[in-house]
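No lab work stands behind these numbers, since they all come straight from the coordinates. Nothing here was measured: the structure is a model prediction, and the numbers come from that model. Note that each Cβ is placed from the backbone with ideal geometry, even for glycine, and that neighbours are counted across all protein chains shown.
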Amino acid sequence: MSVENIQQMLKITRLLHTNLAHSLDKASLSTRSEKVRMLLDYLSLHEKELSRVLELSEHDTQAAAIRTWCVEYFDKKSIALDNTDYTNMTSAEIMRSIVTIHNKIIELYRYLALRAETVVANELLSNLLTLEQHEAMRMVRDAQELEDL
């Protein structure tokens, strides 16, 4: 999918979260470790919720903000979900992979927020950046608490 504006960027990041949730669900069904299964289930629910929030953002955002161009970022970098199989990974390996993915999304939002030409677009991107940062921190914290059990 070609990404030219914020609306398409929202769609692609929403799909990334949805696909990540699906990959985590699939791995959860196959893993033998109860602790890893709990982590995978938690992360999957979290990714589904992020996808839902992005979908709501897509519908609630003003047309001027959502149609803002953002081609230059995607000309240089891409954000895509690799086909990571989480089934045989440790909790630490899973979290490293998830954090890496979220850091790429955070980098995208930060880059676009710094270059937004309208107040509305900047506000949207700044809100998405804050959401993604807080949710990534929350996932790491909760995963650590699960590991401490």
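Could you check the simple spin-label distance between LEU131 and GLU4, using points 7 Å along Cα→Cβ, in nm with one decimal?
Taking the simple label geometry, LEU131 and GLU4 are separated by 2.4 nm.
Figure the gain on full extension for ARG37 and GLU147 (residue separation times 0.36 nm, minus the Cα-Cα span) and round it to one decimal in nm.
On the way: separation 110, 0.36 × 110 = 39.60 nm, distance 1.18 nm.
Full-extension gain reported as 38.4 nm.
If R0 is 41 Å, what FRET efficiency do you get for HIS22 and VAL120 from their C-beta distance, rounded to 0.05?
On the way: r = 32 Å, r/R0 = 0.79.
Calculated value: 0.80.
How high is the relative contact order of the chain, in percent, counting Cα pairs under 8 Å that sit 6 or more residues apart?
Details: 146 pairs, mean separation 40.8, N = 149.
Worked out over the chain, it gives 27 percent.
Mind checking region 88-120 for GluC sites (Glu not before Pro) that DSSP puts in a loop (not H, G, I, E or B) and that have at most 11 other Cβ atoms within 10 Å?
Values: sites: GLU93, GLU107, GLU117; in loops: GLU117.
Here the sparse-neighbourhood loop sites are GLU117.
Taking 0.36 nm per residue of separation and subtracting the Cα-Cα distance, what length does fully extending VAL140 through TRP69 add?
Values: separation 71, 0.36 × 71 = 25.56 nm, distance 3.21 nm.
That works out to 22.3 nm of additional length.
Sort out for me the Cα centre separation of region 76-126 from region 12-35, rounded to whole Å.
16 Å
For region 117-125, just list the computed ³J(HN,Hα) in residue order, Karplus coefficients 6.51, -1.76 and 1.60, θ = phi - 60°, integers in Hz, with x standing in for Gly and Pro.
Result, ordered by residue: 8, 10, 4, 5, 5, 4, 4, 4, 5 Hz.
Which FRET efficiency value, to the nearest 0.05, is calculated for ASN88 and GLU49 with the Förster distance at 22 angstrom and r the Cβ-Cβ distance?
Numbers: r = 26 Å, r/R0 = 1.18.
Step by step, r from the Cβ atoms, then E = 0.25.
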